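Worksheet: the structure to be examined is printed underneath.
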Amino acid sequence: MRKSKYLLALILLSLSVLLGACKFQNKASNTIYTTIYPVYSLTKLIAKDKLVVEKIVKDGAEIHSFEPSSKDIAKLTSSKAVIYLGLVDEWIKKPLEGTNVKVFKASTGIDFLQNDPHIWTSPKLLKKMAKNIEEALIKIDPKNRQYYERNYISVLSKLDELDRQFQDVASRAKRKEFLISHPSFGYLAKDYGLWQYSITGVNEEEEPSAAKMKEIVDLVKKKNIKYILVDPNENLPGVKSLAKDTGIKIVYAYGMGIVSKEQSQKDTILSLMEKNLKAFEVVLSK
Ligand SMILES: [Zn+2]
């Protein structure tokens, strides 16, 4: 009697261990990795809860100088699939060489201009990225094809709306040029007939030189610029003194090169682009 009770306990214990292992296995085989926030957010909007979508570049980290840790590399090599942007996150390639991990590029069909990776700030290019991601998800998990197709259509309709709204703001704009601390909106400028002036280069996040600041002060005077777009996650003290010296006002916009934990949890790339729309409406108004 005592022996059978013991046996029963043992069976129950092994069953629960087995179930636990299955659950773990399930999570691991359902996990896909993305690299940077824009790819992560778009992928989540289309995959929703059918896959576990993770991102390698952590909240608060900066994409241009990012290097994966050995932990990050272990995550990449053990995942089911990886979706990356291209240009700025080519660091996924080497660790994934010769592995069975499926790799998808979200920028397929998009030409990068010079060395500028910020394609995600143009709604027109976001539509292409969303399509690439939808196709990747269908390849990763074909049985849920219709689910991903539906979610993609819903994302696309929101991007169409954003596209129309940016078109509208640009066409009504009093001025076509804008000043920004870090040049995250070059593709938006190109696609909507605007001109971007920036303090730093496309892959730089550091404080500009005195000569560069002098150039910007002259530009502000010459063009009678009233505003500067700044990502609240960037820390450029020079911008504050520039604003103070020239009287231009700081307007927040989200280039998504650094994304805070709060934004990562509460926002999506769509809600951040809606905030960007409002920011552009202001800076182009006078
Ligand atoms: Zn950037």
Problem set entry | Residue list for segment 83-108, filter: loosely packed, with under 15 Cβ neighbours inside 10 Å and closer than 24 Å to residue 272 by Cα | 108
Problem set entry | Flag for residue 139 being more than 22 Å from residue 283 (Cα to Cα), at pLDDT 95 or above and either away from the ligand (no atom under 16 Å from the Cβ) or part of a loop (DSSP other than H, G, I, E, B) (or both) | yes
For this session: Within segment 200-218, identify whether any single residue is touching a Phe, Trp or Tyr at 6+ places or on another chain (Cβ under 6 Å) and either away from the ligand (no atom under 14 Å from the Cβ) or not small (Gly, Ala, Ser) (or both), and answer yes or no.
Result: no
Exercise. Condition test on residue 125, is it within 16 Å of the ligand (Cβ to nearest atom), in a helix (DSSP H, G or I), more than 17 Å from residue 56 (Cβ to Cβ) and not polar (S, T, N, Q)?
Worked result: yes
Exercise. Given the residues 65, 79, which is the only one that is assigned to a loop (DSSP other than H, G, I, E, B) and touching a strand residue (DSSP E or B) at 6+ places or on another chain (Cβ under 7 Å)?
Worked result: 79
For this session: Could you tell me whether residue 72 is within 13 Å of the ligand (Cβ to nearest atom) and among the acidic types (Asp, Glu)?
Result: no
Exercise. Which one of these is more than 18 Å from the chain's Cα centre (by Cα) and either outside any helix (DSSP H, G or I) or not basic (Lys, Arg) (or both): 47, 74?
Worked result: 74
Exercise. Residues in segment 242-263: is at least one more than 16 Å from the ligand (Cβ to nearest atom), more than 22 Å from residue 57 (Cα to Cα), at pLDDT below 95 and among the charged types (D, E, K, R)?
Worked result: yes
Exercise. Does residue 185 qualify as being touching a residue at least 24 places away in the same chain (Cβ under 8 Å), crowded, with 19+ Cβ neighbours inside 10 Å and within 16 Å of the ligand (Cβ to nearest atom)?
Worked result: yes
Exercise. Out of (1) buried (at least 16 other Cβ atoms within 10 Å of the Cβ); (2) within 23 Å of the chain's Cα centre (by Cα), the odd one out for residue 220 is which?
Worked result: (2)
For this session: Kindly establish whether residue 86 is on the phi > 0 side of the Ramachandran plot, touching a residue at least 24 places away in the same chain (Cβ under 8 Å) and out of contact with any helix residue (DSSP H, G or I) (no Cβ under 8 Å at 6 or more places or on another chain).
Result: yes
Exercise. Can you tell me which residues in segment 168-182 are away from the ligand (no atom under 16 Å from the Cβ) and out of contact with any helix residue (DSSP H, G or I) (no Cβ under 9 Å at 6 or more places or on another chain)?
Worked result: 168, 171, 174
Problem set entry | Which listed residue is touching a residue at least 12 places away in the same chain (Cβ under 8 Å), out of contact with any helix residue (DSSP H, G or I) (no Cβ under 7 Å at 6 or more places or on another chain) and not small (Gly, Ala, Ser), from 230, 259, 239 | 239
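The values are calculated or read from the model by the stated rules, or taken from the named source; none is laboratory data. Bear in mind the structure is a predicted one, so any value in this text is a computation, not a measurement. Note that we place each Cβ from the backbone using ideal geometry, even for glycine, and neighbour counts take in every protein chain shown.
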